[in-house]
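All remarks here apply to the structure that follows.
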Amino acid sequence: MKPLSTTYMAHLCGGFLLHKGPPCLIDSIAVDSRTIKPGALFFALAGEHANGHDFVKDAFAKGAVAAVVSKKELQRGSFPTQKPLIVVDDPLAALQRAATNHVQRFSQLKKIGISGSMGKTTTKEMLSSILEQMGTVTKTPGNYNSTIGLPISLLHIDETTEFGLFEMGIDRPNEMESLLSMWQPQVGIITRIGAAHLKTLGSEKHIAQEKGKLFHPSIKTALLSNTDRWSAYIERKQGIEALRFGLGATKGIDSYHHLGLDGWLIGYKGEHIHLKAIGEHNLHNACAAITAAQQLGASVSAICEGLEQFRAVQGRSNVVQGDITLIEDWYNASYDSTLSIIDYVGALPWKGRKVAVLGSMKELGSHSEQAHRLVARRLSSYRLDALYLYGQEMASAKEELMRLGLDRTCFYTTDSEQLSHMVSTQSRKGDLVLIKGSRAMQMEQLVPLVSTL
């Protein structure tokens, strides 16, 4: 992030700067005092479980140069007033206002937004790798794609940025409108719609409806999957005609060959691209990236070079080869993505044992039990040598496997230490081990235990 002055940030936030000294320079934004780096601006947000105003002193102690606080909390709080404070009515609204005002400075920016239930981050990284062959890209760092994460991401834009590429993730009704108030993309991509955040969004139809709002009235190019069953619904709902992406829809793809754990070999306009990403879902993500890049003027060489340079994001279908080969897919787990990676591992030729370690799929609400039972049925389609199920919700999967008489190679627990012990002591050289689970399950903790055996 290019350094910004406290005076400039106060102006962007619509607040007043309480500080007698000269302006300070800010080089990062933080909303969690535990992640503070020297030079940060700390926004004291009021959350469900904690109030950021209680941690302003901690933030300054860890190197924050300024904090954004509410007038109400300033009156009742005991903040270190010798430090720069930007005083506003509501720090979250101020963060969003700051991002909106900051973006308006850069009128020549090419603006891209990505939403969907699955594939947002990987598609973003593939497209970014292509666009970096053409110019300077500012993109979502990690998964900063929410009503808090997006404005932090947008504040990284500066005068050198030619392409702004940001994820726009939602998990509740009317959230897309809030994101669009800060970032209205010229090119919008919806990857795929699936059973994610059902607890708050209710149904896949409602998910499609809410995510479809990405295609706002002034959008220039809307991209939708040619295989997603909700694409036509989104078009009708938004009153648009979208450009389709996918095998058979993305122009220029002549052929594709599966290379196992080495990914795919894609024939594109007479050239060959070695895409180092496993699974058909990542081939589909590459189609989205190619189609979007074409609309943004990418040459054949930029597309080929960009995808050649792409590497899987850690925790998202990332392959780590060794004595024990890991498929690290621990970053998150929707119902659809879990079925997809099970199908991939189940069909993959492998000389050694195949092992799956699956954590609970979260945020499925009333659909949770049925979804976990369906995962068990999909597992029953393949001969896995060992299966470890972890988490309360996975009890339904265990019960379903028992009903099918297929639980003999299955271990189930809700205890993370017990899971770690079983996986680490029973893994052996030559195994292929899939690690998959929702973010809350922290499945990444298993990786060093297995990879160092």
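Every number in this text was worked out from the coordinates using simple rules, so none of it is lab data. Please read these numbers as outputs of a predicted model, since none were measured by experiment. Please note: Cβ atoms are built from the backbone with ideal geometry, for glycine as well, and neighbour counts cover all protein chains shown.
Below is a table of values for the structure above.
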| item | result |
| --- | --- |
| Backbone HN-Hα couplings from phi across the range 67-76 [Karplus 6.51/-1.76/1.60, Hz, Gly and Pro as x] | 9, 9, 10, 8, 4, 4, 6, 5, 5, 9 |
| 0 to 90° range, to nearest 10: angle between helix 416-426 axis and the chain longest Cα axis | 40 degrees |
| Least to most buried among VAL68, VAL433, VAL87 (fewest other Cβ within 10 Å first) | VAL87, VAL433, VAL68 |
| Furthest towards positive pole of dipole, THR160, TYR390, SER70, structure part the chain, Cβ charges | SER70 |
| Phi-based couplings in Hz for the range 184-194 (Karplus 6.51, -1.76, 1.60; Gly and Pro marked x) | 10, x, 7, 10, x, 10, 10, 5, 8, 9, x |
| Three-way shape label, the range 106-309, alpha-carbon gyration tensor, a/c 1.5 | oblate |
| Label-point separation, THR7 to GLN314 (7 Å along Cα→Cβ), nm | 4.0 nm |
| Rounded to 5, the percent of DSSP beta bridges in the chain classed as antiparallel | 30 percent |
| Computed [θ] at 222 nm, helices only, for the chain once each DSSP H run of length n ≥ 4 contributes -39500 (n - 2.57) | -10000 deg cm²/dmol |
| P(r) of the range 328-399 over all Cα-Cα pairs, binned every 10 Å from zero, in whole percent | 19, 58, 21, 2 |
| Helix 120-131 vs. the chain, principal-axis angle (Cα, 0 to 90°, nearest 10) | 70 degrees |
| Förster-model FRET efficiency, 51 Å R0, ASP54 and SER380, C-beta, rounded to 0.05 | 0.55 |
| Reach of LYS351 by Cα under 15 Å, taken over aspartates and glutamates that are not fewer than 8 positions away in the same chain | ASP323, ASP385, ASP431 |
| Distance from the range 297-320 to the range 1-20 (C-alpha centre basis), Å | 38 Å |
| Degrees between helix 280-295 axis and first principal axis of the chain (Cα, 0 to 90, nearest 10) | 40 degrees |
| Rounded Å value of the spacing that divides the Cα centres of the range 144-171 and the range 184-210 | 18 Å |
| Backbone HN-Hα couplings from phi across the range 308-317 [Karplus 6.51/-1.76/1.60, Hz, Gly and Pro as x] | 4, 7, 4, 10, 4, 6, 4, x, 10, 6 |
| Added length on full extension, which subtracts the Cα-Cα distance from 0.36 nm per residue, ARG428 to LEU265 | 55.6 nm |
| Per-selection Kirkwood Rh - the chain (Cα, Å, 1 d.p.) | 23.6 Å |
| The range 43-100: C-alpha gyration tensor shape, a/c 1.5 cut-off, then a/b vs b/c | rounded |
| The range 4-95: C-alpha gyration tensor shape, a/c 1.5 cut-off, then a/b vs b/c | rounded |
| 26 Å tail of the calculated P(r), the range 318-451, as % of Cα pairs | 12 percent |
| C-alpha center-to-center spacing [the range 212-243, the range 245-278] in angstrom | 25 Å |
